[in-house]
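Beneath this line is the structure, given in structure tokens, with notes to follow.
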Amino acid sequence: MSNKTVIKRQGLMRLIFTLNHSFNGLKWMSRFEAAFQQELALFSLLGVFVYLQEIALSDKLLLIASLLFVLFAELVNTAVEVVVDRIGSEYHELSGLAKDIASASVFIAMLIAALIWWAVLWA
């Protein structure tokens with residue numbers, strides 16, 4: 001067992017280290033996770049589309065937030081998959097269930113985003 005000392009950072013240093021870890025996670029997802037890459041590309045395209053629309057700022061923010069929610073769900077989905085894979089490579093019913101549920105969260109996020117886009121732009 002390792003004898004590493006855990007340092008509890010506070011204040012500005014905590015924020016800096018937290019942002020660094022967040023950036024590392026986003027960088028890894030952007031490099032290695034195909035679904036995240038596709039969703040990020042779609043976010044970029046739709047973000048430009050939203051910017052060009054002559055709609056209320058609150059509607060623009062709602063549309064962008066719905067896309068960010070999809071990215072958030074993909075981050076959580078991948079985190080669950082990574083943890084399950086870290087635990088073991090042999091098949092286990094609960095491991096499969098955890099991955100299925102995490103995947104379902106991405107589907108629900110996409111459904112929510114689609115409904116918001118429909119309501120704001122076409123309803």
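The values are calculated or read from the model by the stated rules, or taken from the named source; none is laboratory data. On a predicted model such as this, the values are computed, not experimentally measured, just so you know. Note: areas computed on protein heavy atoms with side chains; ligands, DNA, RNA excluded. Shrake-Rupley method; radii C 1.70, N 1.55, O 1.52, S 1.80 Å.
A straight Cα-to-Cα reach below 29 Å connects Lys60 with the lysines Lys27, residues fewer than 8 places away in its own chain not being considered.
Shape call for segment 60-123 from the C-alpha gyration tensor, a ≥ b ≥ c root eigenvalues: rounded (a/c under 1.5), prolate (a/b greater than b/c) or oblate? It is prolate, given that a/c is not under 1.5 and a/b is the larger ratio.
Values (i) 152; (ii) 129; (iii) 89 are given for comparison; volume of the Cα convex hull per residue in Å³, derived from the coordinates here, is the one labelled (i). Once the 1.4 Å probe is applied to the protein heavy atoms, the chain comes out at 76 Å² accessible per residue.
Out of the total accessible area of the chain (probe 1.4 Å, heavy atoms of protein only), what percent is carbon and sulfur?
C and S fraction of accessible area: 68 percent.
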